[in-house]
Amino acid sequence: MTILVVLFGVLGGGYAQTAWTPDNLPMVHLMDRTKYVINPDGILTAAEVATMDAELYGLERKTGTQTVVVVVRHIEDDDPYSFGQAVADKYGIGKRGTDNGLFVMLCTGDRSYTILTGDGLEGVLPDAICRRIQDRVMVPKLREGRWGEAMVATIHALAERIANENPDGVTVDDEEDGSVWAAVVTMMVLVFLLPIIIRRLSRKKCPRCGKYMKQVKKQLGRETIDMRQWHVTYCCKHCGHTMTVMENENISNDGGGLHGPFVGGGLGRGGHFGGGSIGGSFGGGHFGGGGSTGRF
């Protein structure tokens, strides 16, 4: 009898640990901006997660739509609609103003599913379309226990619908391309104009007439391990005045002296520089109750 009590206690504890809440759900997108699928119970394969992540990353870049996909065995209170709304409210899925957030969840143990849309997606994904995708694409595979196939097909159907409608009217790629081109033009201006500006600022003015003088002679005077000293002669074309000044050139190994702009590395998309992924964020979108929820 004691053994049975202990056994049931262990099983009960294991179940409690898999009853996810909006507070303990691992929000993978905040850790890696290219991740959208939350799969803490390991229900989906790595390939299935990667397939959905790639499609949703492309969708966000094209339309700005921010998506969270959750696949778990159980959720607390077994209320998928309230759970999805709580997650959406907690993290602000979507962008403020456009409210283009999307939440998709499957609970295999509870045998429930839900698709919730931000206010800005309700025109593209009305309740009837969400239900149709669930009935035709998701539920038949769920009833056969093909969890991964059901989710991959559902996400593809939703993404295709959103991409074809393009609710924002402008793609994220267009916005980012504009930013990238602006950065490139700015860099080119700096590369080509900054040396000219520096040379002009360093030109000598004639102490007699105030006009700019021209360098006519440059002779090395003294050189040390970290510096060269030059005798530089200038002549004013306006009044003919000449003068010789001493100018120092820093040649130390620490890279001292005046340097031009440094251009290196890769210009990342979306305001990121260099390689690798970093954590993403949500924009404070609002969910007004659109979508569809059911059981299989």
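By average Cβ neighbour count within 10 Å, what is the ranking of 206-215, 24-33, 53-62 from highest down? Can you show the working numbers first?
Working: 206-215: 13.6, 24-33: 16.1, 53-62: 18.5.
My ranking of the peptides, most packed first, is 53-62, 24-33, 206-215.
Of the listed peptides 280-287, 154-161, what is their order by residue-averaged count of other C-beta atoms within 10 Å, with the highest listed first?
Values: 280-287: 18.4, 154-161: 20.0.
Per-residue mean Cβ counts within 10 Å order the peptides as 154-161, 280-287.
Leaving out ligands and nucleic acids, note down the accessible area per residue over the stretch 51-143 with a 1.4 angstrom probe, in whole Å².
Details: 3340 Å² over 93 residues.
On a per-residue basis, the stretch 51-143 sits at 36 Å².
I want to check the label-to-label distance for Ile197 and Asn164. Put each point 7 Å from Cα in the C-beta direction and report it in nm to one decimal.
5.1
The values are calculated or read from the model by the stated rules, or taken from the named source; none is laboratory data. Remember, it's a predicted structure, so these values are computed and weren't measured experimentally. Positions of Cβ are backbone-derived with ideal geometry, glycine not excepted, and every protein chain shown enters the neighbour counts. The protein model used for the area step is the full one, side chains on, heavy atoms only, and it has no ligands, DNA or RNA in it. Shrake-Rupley method; radii C 1.70, N 1.55, O 1.52, S 1.80 Å.
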